[in-house]
Every structure is written in structure tokens, then in C-alpha cells.
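Have a look at the structure below before the remarks.
Please treat every number below as a calculation from the coordinates, not as lab data. Note that the structure is predicted; figures quoted are calculated from it, not measured. Every residue, glycine as well, gets a Cβ built from its backbone with ideal geometry; the counts of neighbours run over all protein chains shown.
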Amino acid sequence: MVRVSLVVVLLVVVWVLIKKWGLKAGHALAATLLGFYLRDTHLAAPIERLISTIAQALGNWRL
């Protein structure tokens, strides 16, 4: 079984969005900075639980 870091998956997603779908690098940077800002708010715990639940669901999904 191959395990991939969530950071690597997100980097690949951002790269695809920039290269294939025309996302501007500035928009990706703004989203990244927003993520760092949200980390210090009360929304951090629910967001972390949501991402963890999605990652677990994808990890259990068999092709």
C-alpha cells in the first residue's frame, strides 16, 4: 500500500489547477496565506476534522 502525504497531494492539485485550468499563482498564494491565517482561529479544529475524515474515506476507498 502506498501512503502519500496530504501536503504532496495538495501541491499536485495546486500545480494542476495552475497549469491546466488557468489558476493564477497569486490566487494560489492568497489561498495558502488564508490557510495559515485560519490555522490560528477557532475554525482550525473543524477544518482539521473535515480534512481528516475526507482523507480517511479516501484511504479506505478501493479502486
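Taken over segment 1-35, the residue count meeting the criterion of being of a type in the set (Lys, Arg) and surrounded by 12 or more Cβ atoms within 10 Å (Cβ to Cβ) is 0. Of the residues making up segment 12-23, those that are farther than 17 Å from Ile54 by Cβ and in a helix (DSSP H, G or I) are Trp15, Val16, Leu17, Ile18, Lys19, Lys20, Trp21.
Of the residues Leu43, Leu38, only one is over 15 Å from the mean Cα position of the chain (by Cα) and surrounded by 10 or more Cβ atoms within 10 Å (Cβ to Cβ); which?
Step by step, each of Leu43, Leu38 is checked, and only Leu43 is over 15 Å from the mean Cα position of the chain (by Cα) and surrounded by 10 or more Cβ atoms within 10 Å (Cβ to Cβ).
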